[in-house]
Amino acid sequence: MSIRPRATGNVPTEDVVYMLERSGIATNLSLPAVASAAEWLSGIMGRELPGTLSKVGWFPLAKATGERA
C-alpha cells in the first residue's frame, strides 16, 4: 500500500543507480547510459517521465572526492 495518492510504488531505474553509485555501491551499470535510455523512452512515450534525475540532473560532485560530474 502506498502512502501517497496515485503513487505506484515504482522507482525509476536511473534514480536508484544514481543513489547507489553516490553511496559508494557499485552497480556495474553506466549511469549515463541508463539516463540516456530514460530520455529516449520519454521521447517515445511523448511525455516527461517521473524520475528525479531526468528532471533536475546530476547533483554537482565534490572535487575533494575525486568523483566526476
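Can you find a residue in the stretch 7-17 that is modelled with pLDDT under 90, out of contact with any helix residue (DSSP H, G or I) (no Cβ under 6 Å at 6 or more places or on another chain), part of a loop (DSSP other than H, G, I, E, B) and β-branched (Val, Ile, Thr)?
Yes, the stretch 7-17 contains at least one residue that is modelled with pLDDT under 90, out of contact with any helix residue (DSSP H, G or I) (no Cβ under 6 Å at 6 or more places or on another chain), part of a loop (DSSP other than H, G, I, E, B) and β-branched (Val, Ile, Thr).
Is it the case, given these coordinates, that residue 38 is modelled with pLDDT of 85 or more, touching a Pro at 6+ places or on another chain (Cβ under 9 Å) and not polar (S, T, N, Q)?
So residue 38 fits the description; yes.
I'd like the residue in the stretch 42-64 that is surrounded by 12 or more Cβ atoms within 10 Å (Cβ to Cβ), among the aliphatic types (A, V, I, L, M) and under 14 Å from the mean Cα position of the chain (by Cα) and, out of all such residues, is modelled with the lowest pLDDT.
Top of the filtered list is 53.
Cβ-Cβ below 7 Å, separation at least six or inter-chain, first residue in the stretch 1-12 and closer than 16 Å to residue 51 by Cβ, second modelled with pLDDT of 70 or more: which pairs?
Matching pairs, first to second residue: 12/38; 12/49; 12/50; 12/51.
Of all the residues that make up the stretch 18-51, how many are assigned to a loop (DSSP other than H, G, I, E, B) and hydroxyl-bearing (Ser, Thr, Tyr)?
3
The values are calculated or read from the model by the stated rules, or taken from the named source; none is laboratory data. What you see is a predicted model, and the numbers here were worked out from it, not measured in a lab. Here Cβ is always computed from backbone atoms with ideal geometry, including for glycine, and neighbour counts include all displayed protein chains.
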